[in-house]
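Beneath this line is the structure, given in structure tokens, with notes to follow.
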Amino acid sequence: MYFATADGLGVLGHYYPSCPQPELTIGTPEHADSDFITILLQNHIGGLKIFYENQWTDFPPIPGALVVNAGDLLQLITNDKFVSSQHKVVTNKVGPRVSLASFFTTGHIQTLKVYGPITELLSEDNPAKYRDITVKEYLDYYRAKGLDGTSALLHFMI
């Protein structure tokens with residue numbers, strides 16, 4: 001795994017070698033990304049699973065295609081108009097599986113900027129579901145909570 005950052009962009013590379021007993025190995029535990037948007041490029045080896053309609057669904061790679069995931073911060077500012085995707089990666093007997101993810105966020109910039117649901121998306125019928133927070137506050141909680149399969153956004157709901 002390799003991670004590099006620049007202002008507002010993080011890049012993470014994963015290398016999963018073939019595994020003779022994949023059922024005994026954790027690839028990447030279930031989670032939602034903590035950013036606004038993630039763009040993923042993956043090779044031809046599967047392993048990405050998305051939680052969809054209350055079950056884990058294989059998300060097979062399509063040659064030349066990019067996978068775009070909404071992250072938690074996008075879910076927060078759109079007041080659930082876009083919902084972050086719960087996903088995980090499992091290991092395979094074949095391999096290696098290689099992927100490169102680009103995370104669009106505020107990065108490690110410790111800004112005091114406050115994010116909350118976009119006012120224009122709110123109405124009497126669609127009130128704010130989340131309180132206003134800073135990215136630092138969100139990331140501190142996300143990291144302390146860890147990848148336990150629950151959404152960090154639950155902590156910030158009104």
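The values are calculated or read from the model by the stated rules, or taken from the named source; none is laboratory data. As the structure is a prediction and not an experimental result, all values here were calculated from the model. Here the Cβ is made from the backbone with ideal geometry for all residues, glycine too, and neighbour counts use every protein chain on show. Side chains included, ligands, DNA and RNA excluded: accessible areas come from the protein's heavy atoms. Shrake-Rupley method; radii C 1.70, N 1.55, O 1.52, S 1.80 Å.
Details
- Pro61 meets each of the listed conditions (1) without any contact (Cβ under 8 Å) to a residue 40 or more places away in the chain; (2) over 30 Å from Phe156 (Cβ atoms); (3) exposed (fewer than 13 other Cβ atoms within 10 Å of the Cβ); (4) not polar (S, T, N, Q) apart from (3).
- Among the residues making up region 44-58, those that are open to solvent by less than 40 Å² (accessible area, probe 1.4 Å) and either part of a loop (DSSP other than H, G, I, E, B) or among the β-branched types (Val, Ile, Thr) (or both) are Ile45, Gly46, Gly47, Ile50.
- Tally of residues being closer than 16 Å to Glu30 by Cβ and more than 14 Å from the chain's Cα centre (by Cα) across region 129-150: 1
- Residues satisfying the stated conditions in region 133-158, i.e. open to solvent by less than 30 Å² (accessible area, probe 1.4 Å) and outside any helix (DSSP H, G or I): Ile133, Gly146, Gly149
- Among the candidates Ser99, Ser84, residue that is in contact with a Gly (Cβ under 9 Å, 6 or more places away or on another chain), in contact (Cβ under 8 Å) with a residue 60 or more places away in the chain and within 21 Å of Tyr130 (Cβ to Cβ): Ser84
- Applying the condition of being of a type in the set (Gly, Ala, Ser) and assigned to a strand (DSSP E or B) to region 81-132 and asking which residue is farthest from Val11 (Cα to Cα) yields Ser99.
- Residues (modelled with pLDDT of 95 or more and among the β-branched types (Val, Ile, Thr)) located in region 110-127: Ile118, Thr119
- Residues located in region 12-33, provided they are at pLDDT 90 or above, open to solvent by 30 Å² or more (accessible area, probe 1.4 Å) and assigned to a loop (DSSP other than H, G, I, E, B): Pro17, Ser18, Pro20, Gln21
- Counted residues, region 70-81 - those being in contact (Cβ under 8 Å) with a residue 40 or more places away in the chain and either over 16 Å from Ile50 (Cα atoms) or open to solvent by 20 Å² or more (accessible area, probe 1.4 Å) (or both): 8
- Selection within region 119-132 - open to solvent by 70 Å² or more (accessible area, probe 1.4 Å) and either in contact with a Ser or Thr (Cβ under 7 Å, 6 or more places away or on another chain) or among the hydroxyl-bearing types (Ser, Thr, Tyr) (or both): Thr119
- Filtered by the rule that a residue be over 19 Å from the mean Cα position of the chain (by Cα) and open to solvent by less than 70 Å² (accessible area, probe 1.4 Å), region 92-117 gives Asn92, Gly95, Pro96, Thr111.
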